[in-house]
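Below is one structure, written out as structure tokens; comments come after it.
Nothing in this text is a laboratory measurement; each read-out follows from the coordinates by a stated rule. Note that the structure is a prediction, hence the values are computed from the model and not measured. Reconstructed Cβ throughout: ideal geometry from the backbone, glycine too, with neighbour counts over all protein chains shown.
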Amino acid sequence: MAGFSLPARKELQSIKSVTLLGPLLILAIVQAPSQIVHFETAEILDSWLNRSLRERRISMKRNLPLFLIAMFVVCLFSPPKSAAQYEPSGNTITCESRHHRVQYCPVSDPRSVVVLVQQLGREQCVRGETWGNDERGIWVDKGCRAQFRIEPRGGGPGWWNSGGGRGSRNRPRSGACFFKGANFTGDYFCRERGAHVPQVPLDDEISSIQIYGRVYVTVYKDPYFNGPQATTDESIPDLHQWRMPNNPNLNWDNRISSVHLE
């Protein structure tokens, strides 16, 4: 067309350069303040962290003597703990009386049967005298050191104790305890009112019964509530004095195999 001419190639290239650089310059100008802000924020955070670390170091240096004194007091007055080593099988435990003092080795279930496997020290380990088990676990005394085997016990809720006149803290408010020895001594187990025990832990080994609260205890000569039976709501310190029904010549000492409490 007349009066119109296309721009030269160099002019087109310069126009393209200006067109591309323009947005980049604008973007740089827009972002510059934010970058400055981020830089200032990083400096502030770094300064705060350094100051916090310095204050923490100073505080730890100041409190170190008090911490050491507290740890010394705790170690000085803490009672000695039992020496207990568990074997991989999980059912044996080594328990040791240190300095001839009573030590406890906890077990997962206080109703478990505990059997002495091997005496490991020079001092004698005698059940009911220098070792036993109760609701706190296995106890050893007077230098006894031995390996014990833990066996599960059934028969429903209840707990078990071995000897030495150690009274249990968990005797039932309403129930009964059954003892291996006369006058409520030796190994024993206890049950709450409402319990039915088809075969007692101390089968044919019970020599005394202690009653707690208002409960009626019915004992049977045979397991699963079979054979001759008798009922009492009073403690009996010696089952030699409690005669069996239908046979006055026999007593209940070491003749109880099952019980229920109502």
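Values computed for the structure shown
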| item | result |
| --- | --- |
| Prolate/oblate/rounded call for the stretch 171-262, Cα gyration tensor, a/c under 1.5 rounded | rounded |
| Under 5 Å, built H, 5+ apart or other chain: amide partners of GLY132 | TRP139 |
| Per-residue Cβ neighbour rank within 10 angstrom, fewest leading, VAL107, VAL197, VAL140 | VAL107, VAL197, VAL140 |
| Sorted by Cβ density within 10 Å, fewest first, the residues CYS95, CYS105 | CYS105, CYS95 |
| In order through the stretch 127-139: 3J(HN,Hα) via Karplus (6.51 cos²θ - 1.76 cosθ + 1.60), integer Hz, x for Gly, Pro | 4, x, 10, 10, 7, x, 8, 8, 5, 8, x, 8, 10 |
| Packing-based exposure ordering (other Cβ within 10 Å, fewest first) of HIS240, HIS99 | HIS99, HIS240 |
| DSSP-assigned coil residues among trypsin sites (Lys or Arg not before Pro) in the stretch 177-262, each with at most 11 further Cβ atoms within 10 Å | ARG214 |
